[in-house]
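The values are calculated or read from the model by the stated rules, or taken from the named source; none is laboratory data. This structure is a prediction, so every number in the text was calculated from the model and none was measured. Note that we place each Cβ from the backbone using ideal geometry, even for glycine, and neighbour counts take in every protein chain shown. These area figures cover heavy atoms from the full protein model, side chains too; ligands, DNA and RNA do not enter into them. Shrake-Rupley method; radii C 1.70, N 1.55, O 1.52, S 1.80 Å.
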Amino acid sequence: MSLVTVQLGQCGNQIGREVFNAICSDVHGTHGLCSKKENESYHDACKERFFIEAESGVPVARAVLVDMEPKVISQTLSIAAKSGYWKYDDHSHFCQKQGSGNNWANGYTVHGPRHKEAIMNLVQKEAEKCDRLGGFFTIMSMAGGTGSGLGAFVTQCLRDDFPSSFILNHVIWPYGTGEVIVQNYNSVLTLSHLYQSSDALLVHENDVIHKICAQLMHMKQISFKDVNQVIAHQLGSVFQPTYTAEDGLHYSRNPLGDLMETLVPHPEFKMLGLRNIPQMPENSLAYSTFSWPGLIKHLRQMLIANAKMEEGIDWQVQPPHPGSSVPSSHSTNKLPHFNTSIANLVILRGKDTHSADLGSFRDPSLYTSWLNPQDAFSAWKTPRAFNKYEKSASLVSNSQFLLKPLDNVVRKAWNMFASKAYVHQYTKYGIEEEDFLDSFTALEQVISSYTTL
């Protein structure tokens, strides 16, 4: 099945381009460990998922690009075409001459309704090019106006027009020390609206990726492109083809459907986090060796200690002992900082994946009590290495990983709202105080649900 990617705003378009670059780089890489047949099968599955075969022979990304300013889209189209490996369709983009001024309300109530028909026509055309539509993958940020406000509006339209298709929103969480003065308002409004329309939200935090660039990739001057390339590598590690069944005969046909079935057992819990190891500068790869036991041990501890990268993991954090008298619903009495999961998916790529023992992820004490541990954990594997890493492991987790950042954003937004700061900037575009209150209520319910796992 094919995915249609919808790139929204400056951030969404730049990350989307890097994702397609990472996918093409992986497909065109040399993978001597795999048979010719294996490589061809992988190549075909990837093409079906992300690209349309053009007459010129250059694959065309299944994507719609949307921004309210033309500069980023024209750059994105140009850089993709120059790669020679792939390109965007010349007619699958929409832009205007005026941005949203970092105002969610402007994107949601003005640009959205005004340009709905033009944007959704582009989406419809892209969907019709799919033999079988697997769903929509939207890429957007929360801090600004277009990605967040227009992104929330377009997601709502996707749900209305394609009620039976899967929608996964990839959301960039803003830096803690702000890029935009009203970023917490924009974030609260975005998340509360996406929670109604989307099947799941896959979150990357800018602060975390920045730290990975500095501490793991050893970058001195970190640009947005560097940050976006790390995010793209992590997304590629999940969305490139894998075998979801033990027999390893057929690559998964519907990545979004498989993700939802594996990770989102209840509509109250839609927040997904992503960790990927190892991550290091390319020039260090030749001198590094990794074993599956080592990678899996680190990945499990990153999960339970809520560490976002393999450096600085707290190895003291352990799951509560089975049979302990502490009721699972009283998370405040659990061992400090233990990150309870609803569901986890581990994806292994590379040499000897069949020998990797993932039993430690099946430990019932990692999971909430209301779900059968057998249903809470899944593993996908492929013997094909990913982007020059001989062995790599990714973890997509529906857990309490986002509780602290979410609580911080809601608290900061509430403090501003209590003093009515900047509220008039939103009311002039038709977003009333009542709308803010509804959004706060919705997110406080999400926080409460995850807290009581």
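Before moving on, here are some points about what is shown:
- Integer Hz, Karplus 6.51/-1.76/1.60 couplings in order for region 435-447, x for Gly and Pro: 5, 4, 4, 4, 5, 4, 4, 4, 6, 5, 5, 4, 4
- Region 58-96-region 118-132 distance, computed between alpha-carbon centres (Å): 16
- Rounded to the nearest 5, the antiparallel percentage of DSSP beta bridges internal to region 1-107 is 20%.
- Residues whose amide H lies under 5 Å from that of His93, counting only those 5 or more places away or on a different chain, are Leu65; hydrogens are built 1.01 Å from N in the peptide plane.
- 3J(HN,Hα) couplings calculated from phi for region 421-432 with the Karplus curve 6.51 cos²θ - 1.76 cosθ + 1.60 (θ = phi - 60°) are, in sequence order, 5, 6, 4, 4, 5, 8, 5, 5, 9, x, 8, 8 Hz; Gly and Pro show x.
- Ranking by accessible area, most exposed first, for Met68, Met219 with a 1.4 Å probe: Met219, Met68
- Where a label projected 7 Å from the Cα of Tyr175 along Cα→Cβ would reach, residues of region 226-242 with amide N under 15 Å: 226-228
- When the Cα gyration tensor is reduced to axis lengths a ≥ b ≥ c, the ratio a/c is 1.5 or higher for region 364-453, and with a/b above b/c it is classed as prolate.
- Note on Lys36: lysines with a C-alpha under 23 Å away, same-chain residues under 8 apart excluded, are Lys47, Lys351, Lys381, Lys388, Lys391.
- For Phe377, the residues 5 or more places off, or on other chains, whose built amide H falls under 5 Å of its own are Asn344.
- Each residue, Asp207 and Asn408, gets one label point 7 Å from its Cα in the Cβ direction; the gap between the two is 0.1 nm.
- Sparse packing (at most 16 other Cβ atoms within 10 Å of the Cβ) combined with a DSSP loop state is found for the following GluC sites (Glu not before Pro) in region 22-69: Glu53, Glu55.
- Based on Cα contacts under 8 Å between residues 6+ apart, the chain shows a relative contact order of 17 percent.
- For Lys37 and Arg132, the FRET efficiency from 1/(1 + (r/R0)^6), where r spans their Cβ atoms and R0 equals 22 Å, is about 0.40.
- Calculated FRET value between Lys420 and Asp160, using beta carbons and R₀ = 35 Å, to 0.05: 0.60
- Region 404-452 shape via C-alpha gyration tensor axes, a/c threshold 1.5: prolate
- Here the 3J(HN,Hα) profile of region 260-273, calculated from phi with Karplus coefficients 6.51, -1.76 and 1.60 at θ = phi - 60°, is 5, 4, 7, 10, 10, x, 8, x, 6, 10, 10, 8, 10, x Hz, Gly and Pro shown as x.
- Helical content alone sets the calculated 222 nm signal of the chain at -12500 deg cm²/dmol, taking -39,500 (n - 2.57) per DSSP H segment of four or more residues and averaging over every residue.
- Label point at Asp352 placed 7 Å out along Cα→Cβ; residues across region 266-297 whose backbone nitrogen lies under 15 Å: 289-297
- Gyration tensor verdict on region 271-424 (Cα atoms; rounded if a/c is under 1.5, prolate if a/b is larger than b/c, oblate otherwise): oblate
- Looking at region 214-303, the trypsin sites (Lys or Arg not before Pro) that sit in a DSSP loop and have at most 14 other Cβ atoms within 10 Å of their own Cβ are Lys220.
- Separation between Cα centres of region 4-18 and region 34-57, rounded to whole Å: 22
- Region 373-403 versus region 154-196: alpha-carbon centroid distance in Å: 24
- Normalised radius of gyration (Cα atoms, divided by 2.2 N^0.38 Å) for region 2-269: 0.98.
- Amide H contacts of Ser399 (H built 1.01 Å from N, in plane; Pro and chain starts excluded): Gly273, Ile342 sit under 5 Å, all sequence-distant by 5 or more or on other chains.
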